[in-house]
Amino acid sequence: MRLCRFQTERNEAHPGLVIDENTVLDLAAANIDRLETLLENDNLDQQLVEFSKSNLPRLPLEEMRLLTPVERQEVWAAGVTYLRSKKARKAESDFAAIAYENVYHALRPELFFKSLPEKVSGPLEPVGIRKDTHWSVPEAELALVINSRRRIVGYTLGNDMSARRLEGENLLYLPQAKIYDHSCAVGPCITVGPDEAEVRTWKIHLDIKRKDEWLFKGATALDRLKRPFNVLVDYLTRSQTFPHGVILLTGTGIVLPDNSALQEGDIIKICLDEIGTLENPVAAV
Ligand code: DO4
Ligand code: MG
């Protein structure tokens, strides 16, 4: 089952339950004002089954404007969790090579703050490339939806936009390479139910369109992600509480060739059959 947030005609954000390819139940009619209320529920699966059998208002998915499912959660990201990502980052900079090599093999993962919730782009909203540097790329990542009690309650998609030249220039520039206006997109909805073993059978795709042509098409299987999900959550939540839960991007396994820097107007599509498609146009910021 998939949860979403959508914009109503009155410009309100309502939580929704996607019950088939084209139908969404408006959960606001059941007095659910936030997805967070559901994500904290230990009997979520059962509650969603009950909603799906109810006579809540049914709305057509293709006519609605979906919003990011991120409400009040901070967004964090893990890095160098796939072998391909490790190799690409080594090629980027000799200086950083040892750091990337070490973190790939270390017990403690690389984890970094990515975005405040209010700065996250939703479906069809722009993602940014910095004007003060060249060679920006999208990073297509599975995102874990974690509640305030450290439980993984669902999965969504994230785009960890990155200014690669800046990142390669000096590792200390990483926060500037990773955090700027529109550098993070999350959506289109949250898939609840599956366990890690099932999620690891899924495949994530990244497609980039320039004008009417495909600039890049790539994919990776999620079983190539090195670290167990609970280990990532364990490190993220050590000595740190998230009263509204937290979203954790799990790192990228799809690395673009050096000649495919993004340009304003490009369209990025991150697709995963079991979650949906996160599509965003690129804007210079
Ligand atoms: O250390 C740099 C960032 C790594 C990252 O974002 C990734 O591997 O996805
Ligand atoms: Mg990343």
- Extent along principal axes [Cα atoms of the range 2-67; Å; largest to smallest]: 31, 21, 17
- Per the chain: cysteines with no other Cys C-beta under 4.7 angstrom? Cys184, Cys271
- Task: Sort the following peptides by mean Cβ neighbour count (other Cβ atoms within 10 Å, averaged over residues), highest first: 198-209, 101-112.
- Result: 198-209, 101-112
- Item | Probe 1.4 Å, all protein chains present, accessible-area order of Thr252, Thr37, largest first | Thr37, Thr252
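On a full-extension model of 0.36 nm per residue, what is the gain between Asp42 and His105, subtracting their alpha-carbon distance, rounded to one decimal in nm?
Value of the extension gain: 19.2 nm.
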- What order, most packed first, do the peptides 186-193, 212-219 have when packing is the mean number of other Cβ atoms within 10 Å of each residue? 186-193, 212-219
- Item | Residue-wise HN-Hα coupling along the range 103-109, computed from phi with Karplus coefficients 6.51, -1.76, 1.60 (Hz; x: Gly, Pro) | 6, 4, 9, 5, 5, 7, x
- Query: To the nearest 500 deg cm²/dmol, what mean residue ellipticity at 222 nm is calculated for the chain from DSSP H runs of n ≥ 4 alone, each contributing -39,500 (n - 2.57), summed and divided by the residues?
  - Reply: -5500 deg cm²/dmol
- Quick calc: nm separation of the 7 Å Cα→Cβ label points for Leu116 and Gln7 -> 2.1
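Where does the range 148-285 land on Rg(C-alpha)/(2.2 N^0.38 Å)?
The range 148-285 yields a ratio of 1.11.
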- Task: Could you tell me what percent of the accessible area of the chain is made up of carbon and sulfur, with a 1.4 Å probe and every protein chain present?
- Result: 48
- Task: Quick one: dipole size for the range 164-266, taken about the Cα centre, charges +1 on Lys/Arg Cβ and -1 on Asp/Glu Cβ, in debye to the nearest 20.
- Result: 180
- So how many Å³ per residue does the convex hull of the Cα atoms of the chain work out to? 123
- Item | Paramagnetic label zone (point 7 Å from Cα along Cα-to-C-beta, Asp234; backbone N under 20 Å) in the range 125-149 | 144-149
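The values are calculated or read from the model by the stated rules, or taken from the named source; none is laboratory data. Every value quoted in this text rests on a predicted model; they were computed, and no experiment measured them. Neighbour counts run over all protein chains shown; Cβ positions are idealised from the backbone, glycine included. Just so you know, the surface numbers come from the protein's heavy atoms only, side chains and all, with ligands and any DNA or RNA stripped out. Shrake-Rupley method; radii C 1.70, N 1.55, O 1.52, S 1.80 Å.
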